[in-house]
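A short reminder: the numbers here are calculations on the coordinates, not readings from a lab. Predicted model only: the values in this text are computed from it and were never measured.
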Amino acid sequence: MDAGRARELLEQERRRIERELGALSPADNSELSHVDQHLADQGAELYQDESDQGRRLVLRRELDAVERAEKRIDAGTYGLSVVSGEPIPDERLEAYPTAERTVEEQRRFERGA
């Protein structure tokens with residue numbers, strides 16, 4: 001894949017991630033935020049806070065993957081598997097621009113093999 005196209009895809013991905021991070025409710029660790037609240041409201045708020053915290057973690061990992069991909073572009077290794085050095089098909093990179101492995105290598109990685 002052309003480095004310019006790769007940078008464009010990664011920039012789109014970065015913007016999507018940053019937009020999602022910005023849309024999450026801010027973390028409020030203040031104990032006073034629960035004063036005079038009904039227990040059900042507190043439970044709903046706690047659930048939302050924990051859900052947002054989990055989503056933030058996923059998005060930060062995705063942002064890390066974007067940064068690793070940008071470094072691979074600079075190093076001239078973008079589009080090559082970090083495992084085998086085999087080319088990652090452009091179709092995969094178009095769909096998943098932060099891909100670090102071929103589809104089969106990713107399957108083995110996810111299975112823990």
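Applying the Karplus relation 6.51 cos²θ - 1.76 cosθ + 1.60 with θ = phi - 60° to the range 18-24 yields 3J(HN,Hα) values of 5, 5, 5, 4, x, 7, 5 Hz, where x marks Gly and Pro. With θ taken as phi - 60° and the Karplus curve 6.51 cos²θ - 1.76 cosθ + 1.60 applied, the whole-hertz 3J(HN,Hα) list for the range 80-95 is 10, 4, 6, 8, 10, x, 5, x, 8, x, 4, 4, 5, 5, 5, 7 Hz, x standing for glycine and proline.
With 0.36 nm allotted per residue and the present C-alpha distance subtracted, the Arg107-Asp74 stretch has 9.2 nm of extension available.
Scanning residues 5 or more positions from Leu80 or on other chains, those with amide H under 5 Å from its amide H are Ile88, with H placed 1.01 Å from N in the peptide plane. In order along the range 100-107, phi translates into HN-Hα couplings of 10, 9, 5, 4, 5, 5, 5, 4 Hz, rounded to whole numbers, per the Karplus curve 6.51 cos²θ - 1.76 cosθ + 1.60 with θ = phi - 60° and x for Gly and Pro.
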